[in-house]
Amino acid sequence: MSIINTSYVDITTFFLVGMPGLEYEHIWISIPICSMDLIAILGNFTILFIIKTEPSLHEPMYYFLSMLAMSDLGLSLSTLPTMLSIFLFNAPEISSNACFAQEFFIHGFSVLESSVLLIMSFDRYLAIHNPLRYTSILTTVRVAQIGIVFSFKSMFLVLPFPFTLRSLRYCKKNQLSHSYCLHQDVMKLACSDNRIDVIYNFFGAHCLMVDFILIAVSYILILKTLLGIVSKKEHLKALNTCVSHICAVIIFYLPIINLTIVYHFACHVSPLTNVLMANVLHLLVPPLMNPIVYCVKTKQFRVRVVAKLCQRKI
């Protein structure tokens, strides 16, 4: 801490929170939490490896799945250092610069995942609405261009976050509400004018909701297309290709909606419940569950994973 004047001290270190009221059990809590994080990392690495090494999976749907795996991998790797620091080593301190960097990566990969889920919804619409021209429209080059555009969009959307937070002054409180740094959590601790941060955070949150609304629109278009298909067998076949994506959307957006409701309308909720929802449901479950969902529900991908595992055993 560096003294700015005689009236206050400028804070340069923040303190993260583990499980409120269960500090003495952190070493045991670390086992399931760190296991979930490591399994998520392994599962998403597996998706990337299988798609890279299997030529039969070099299709638009699986390219987009690899983008989803990369965003999940980024989320897991962004939160793992502070999780390990708190639960294994009882070291909740984090420097302001490290905190700002972490929140940049967490928000960046969250926005990227939302964007990828949006891309995948329109990919499913195109595959169902115009299957004959699907591969000619979504060529490998076009898929790569879409991925690059949305990656830059995600990066530039959250790029101002660390700079605006760095320009604020923190001189009263330095206790955060989670086991990692979030923009809205840090900006509340500022003792200088943070109106720009509040406005930009509001804008960023609504960008995620716009993605969600567009995903809903894409599924309305999918249902409209399915109504024009007479065969029930074709109905089920088309819907089956969307099940994995629908699960991924629910897994990603439901915790965000729940956290928003709790934050704005349920002030009486205990800090432990808030931390569990933020740590486990919001950032641990999606990277963990997406590989499992796609492996279970996508037959072609599941067959390739089993074949690779059997091949290694032989």
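Every number in this text was worked out from the coordinates using simple rules, so none of it is lab data. All values reported here derive from a predicted model rather than from experimental measurement. Reconstructed Cβ throughout: ideal geometry from the backbone, glycine too, with neighbour counts over all protein chains shown.
Hey, can you list the DSSP H helices of the chain whose Cα span along the axis is 18 Å or longer and whose average Kyte-Doolittle score is at least 1.0?
26-53, 60-87, 140-158, 195-227
Can you list the aspartates and glutamates whose alpha carbon sits under 12 Å from that of residue 188, skipping same-chain ones fewer than 8 residues off?
197
Sort the following peptides by mean Cβ neighbour count (other Cβ atoms within 10 Å, averaged over residues), highest first: 284-296, 126-138.
284-296, 126-138
Cut-off under 25 Å on the C-alpha distance; same-chain residues fewer than 8 positions from residue 224 excluded. Which lysines are left, in chain and number order?
Of all the lysines, those that pass the test against residue 224 - Cα under 25 Å, at least 8 places apart if same chain - are 232, 233, 237, 297.
Run the helix sum for the chain: -39,500 (n - 2.57) per DSSP H stretch of 4+ residues, divided by residue count, reported at 222 nm to the nearest 500 deg cm²/dmol.
Theoretical 222 nm ellipticity from helices: -24500 deg cm²/dmol.
Quick one: which residues, 5 or more positions from residue 178 or on another chain, have an amide H under 5 Å from its amide H? H modelled 1.01 Å from N in the peptide plane, none for Pro or chain starts.
17
Label points 7 Å out from Cα along the Cβ direction at residue 280 and residue 229: separation in nm?
Placing both labels 7 Å along Cα→Cβ, they lie 3.8 nm apart.
Counting other beta carbons within 10 Å of each residue's own, what order do 122, 156 fall into, fewest first?
156, 122
Given 19, 30, 209, which one lies farthest toward the positive end of the charge dipole of region 12-313, if we put +1 on the Cβ of every Lys and Arg and -1 on the Cβ of every Asp and Glu?
Projecting each Cα onto the dipole axis, the largest value belongs to 209.
State whether the chain is rounded, prolate or oblate according to the following rule on the C-alpha gyration tensor (a ≥ b ≥ c being the square roots of its eigenvalues): a/c under 1.5 gives rounded; otherwise a/b larger than b/c gives prolate, and the remaining case gives oblate.
Prolate shape, in that a/c is at least 1.5 and a/b is the bigger ratio.
Given Cβ point charges of +1 (Lys, Arg) and -1 (Asp, Glu) and nothing else, what value in debye, to the nearest 20, does the dipole of region 12-313 about its Cα centre take?
Roughly 1000 debye, rounded to the nearest 20.
Counting pairs of alpha carbon atoms under 8 Å apart in space and at least six apart in sequence, what relative contact order in percent does the chain give?
27 percent
Please list, or write none, the aspartates and glutamates whose alpha carbon is within less than 14 Å of the alpha carbon of residue 153, excluding same-chain residues fewer than 8 places away.
113, 211
For every other residue with a beta carbon closer than 10 angstrom to the beta carbon of residue 14, add +1 if it is Lys or Arg and -1 if Asp or Glu, then tell me the sum.
Around residue 14, the charge tally is -1.
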